[in-house]
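Everything on this sheet refers to the single structure shown next.
The values are calculated or read from the model by the stated rules, or taken from the named source; none is laboratory data. Keep in mind that what you see is a predicted model, and the values were worked out from it rather than measured. Virtual Cβ from ideal backbone geometry, glycine too; neighbours counted across all protein chains shown. Keep in mind that these areas ignore ligands, DNA and RNA; they rest on the heavy atoms of the full protein, side chains included. Shrake-Rupley method; radii C 1.70, N 1.55, O 1.52, S 1.80 Å.
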Amino acid sequence: MAYSAAMLEELLQLNGRAAEQGHFDVAYHLLMAALHFADHSRDVAALNVIARLAREQGQALERIKPPHPLSRAHAQLRGQTALFDSFAAHIEAVRLRLQSEEHRQKRPPLA
């Protein structure tokens, strides 16, 4: 299945609009869609962009007073990890899996 850079760009544009308008739950899901796109297309450069946007948006969310329902403070009250913190771990897991798969493909076959 082919993935187009235009589709990824659309997702990231929608994400930016959602975050700018304070719809961080929508922004998160658009970033997750972009992450799936980058994963399926094995696009590490896109992973880096998505990780940066997630950090920026997570930081913006944390600056909101009173704390946003998706904030670390609210997550701690629920005994959970904040959504954007979990997302960062998810991005890293995808990155490591893609690197591992790349290394396996480069290894010579076993005799």
Exercise. Among Ala34, Ala45, Ala88, which one moves the most in a GNM of the chain with springs linking Cα atoms closer than 10 Å?
Worked result: Ala45
Problem set entry | Tilt relative to the chain, helix 24-41 - C-alpha long axis, 0 to 90 degrees, to 10 | 0
For this session: Could you compute the FRET efficiency for Ala45 and Arg107, with r as their C-beta to C-beta distance and R0 at 30 Å, rounded to 0.05?
Result: 0.80
Seminar exercise, completed: Quick calc, the chain, dipole around Cα centre from Cβ unit charges on Lys, Arg (+) and Asp, Glu (-), nearest 20 debye, gives 340
Exercise. Taking only protein heavy atoms and a 1.4 Å probe, what accessible area per residue, in Å², does the chain have with all protein chains in place?
Worked result: 66
Seminar exercise, completed: Relative contact order in percent for the chain (Cα pairs under 8 Å, 6+ apart) equals 20
For this session: Have a look at Gly16, Leu110, Ala6 and report the one farthest towards the positive end of the charge dipole of the chain, computed about the Cα centre with Cβ charges (Lys/Arg +1, Asp/Glu -1).
Result: Leu110
For this session: Apply the Kirkwood formula to the chain: the hydrodynamic radius equals the inverse of the mean of 1/r over all pairs of different alpha-carbon atoms; give it in Å with one decimal.
Result: 15.1
Exercise. GNM, the chain, Cα, under 10 Å: largest mean-square fluctuation among Ala75, Ala46, Ala18?
Worked result: Ala75
Exercise. What's the angle, to the nearest 10 degrees (0 to 90), between helix 83-106's Cα axis and the longest principal axis of the chain?
Worked result: 10
For this session: Assuming R0 = 22 Å, can you tell me the calculated FRET efficiency for the pair Gln59 and Ser4, based on Cβ-Cβ distance, to the nearest 0.05?
Result: 0.15
For this session: Summarise the accessible area of the chain (1.4 Å probe, protein heavy atoms) by the percent that is carbon and sulfur.
Result: 57
Problem set entry | Solvent-accessible surface ranking, highest first, for Glu10, Glu56 at 1.4 angstrom | Glu10, Glu56
Problem set entry | Computed accessible area, His23, all protein chains, 1.4 angstrom probe, square angstrom | 90
For this session: Quick one: angle between helix 44-62 and the longest Cα principal axis of the chain, in degrees between 0 and 90, rounded to 10, please.
Result: 10
